[in-house]
1. Within region 4-94, which helices (runs of 4 or more DSSP H) (wholly inside it) include 3 or more residues that are among the acidic types (Asp, Glu)?
2. Looking only at region 36-65, which residues are of a type in the set (A, V, I, L, M, F, W, C) and open to solvent by 80 Å² or more (accessible area, probe 1.4 Å)?
3. Out of all the residues in region 22-33, is one or more at pLDDT 95 or above and closer than 17 Å to CYS112 by Cα?
4. From (1) more than 16 Å from ALA126 (Cβ to Cβ); (2) touching a Pro at 6+ places or on another chain (Cβ under 9 Å), pick out the condition that doesn't hold for PRO28.
5. State all residues of region 1-17 that are open to solvent by 70 Å² or more (accessible area, probe 1.4 Å) and without any contact (Cβ under 8 Å) to a residue 12 or more places away in the chain; if no residue qualifies, say none.
6. Starting from residues that are open to solvent by less than 30 Å² (accessible area, probe 1.4 Å) and of a type in the set (S, T, N, Q), keep the ones in region 79-109 and report whichever is farthest from the chain's Cα centre (by Cα).
7. Which condition number does ARG97 fail, the rest of (1) out of contact with any Ser or Thr (no Cβ under 7 Å at 6 or more places or on another chain); (2) within 30 Å of THR3 (Cα to Cα); (3) part of a helix (DSSP H, G or I) being met?
8. If I ask for residues that are surrounded by 13 or more Cβ atoms within 10 Å (Cβ to Cβ) and of a type in the set (Val, Ile, Thr), which ones from region 18-35 would you list?
Amino acid sequence: MTTVRGALWLGALSVVAVAVYGLLVVVPYFVNGLDRFPLADVAVGYHDPKDLWPTTIPYVGGWLHLAGMLAMGLAPMTLVSVALVCGLSSVWAVVRRAWSVSAVHAVVAVACGAATTWFSTPFAEALAGWQMD
């Protein structure tokens with residue numbers, strides 16, 4: 001994957017993983033009005049996600065909840081994996097003296113690394129506790 005196209009595909013994969021996480025975990029938090037409550041109350045499970053939107057949508061709500069649960073684990077793993085692959089590819093491109101390829105891989109690696117740090121914030125940890133309830 002030491003091409004610009006490879007880096008862009010990996011970057012797109014990361015964007016999709018984060019978008020799915022955002023749509024199925026973060027958006028329901030705000031749509032259900034849980035931002036009115038302290039994060040500690042949300043994290044300990046006072047508000048059961050199985051009783052809130054989108055889980056209450058007939059026929060697909062349970063699947064959306066399952067997809068959100070999977071996205072909580074897969075999004076950070078995808079970001080870390082892409083950051084590692086792009087970081088190593090960037091170094092390999094420097095060895096080959098492909099500077100533009102190295103720069104694109106480095107930018108994707110840094111962006112994924114920065115996005116990964118969000119998952120260790122108190123807000124992200126509270127969302128994980130709420131969803132795991």
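The values are calculated or read from the model by the stated rules, or taken from the named source; none is laboratory data. None of the values given here were measured: they were computed from a predicted structure. Neighbour counts run over all protein chains shown; Cβ positions are idealised from the backbone, glycine included. Each accessible area value is taken on the protein alone, full model and side chains, heavy atoms only, with ligands, DNA and RNA left out. Shrake-Rupley method; radii C 1.70, N 1.55, O 1.52, S 1.80 Å.
1. In region 4-94, there are no helices (runs of 4 or more DSSP H) which contain 3 or more residues that are among the acidic types (Asp, Glu).
2. Looking only at region 36-65, we keep the residues that are of a type in the set (A, V, I, L, M, F, W, C), and these are 37, 39-40, 42-44, 52-53, 57, 60, 63-64.
Within region 36-65, VAL44, TRP53, TRP63 meet the criteria.
3. Yes: region 22-33 contains one or more residues that are at pLDDT 95 or above and closer than 17 Å to CYS112 by Cα.
4. Condition (1) is where PRO28 drops out.
5. From region 1-17, those open to solvent by 70 Å² or more (accessible area, probe 1.4 Å) are 1, 3, 5, 8-9, 13, 15-16; that's our starting set.
Result: ARG5, TRP9, VAL15, VAL16.
6. SER102
7. With (1) out of contact with any Ser or Thr (no Cβ under 7 Å at 6 or more places or on another chain); (2) within 30 Å of THR3 (Cα to Cα); (3) part of a helix (DSSP H, G or I) applied to ARG97, the lone miss is (3).
8. Of everything in region 18-35, those that are surrounded by 13 or more Cβ atoms within 10 Å (Cβ to Cβ) and of a type in the set (Val, Ile, Thr) turn out to be VAL18, VAL20, VAL25, VAL26, VAL27.
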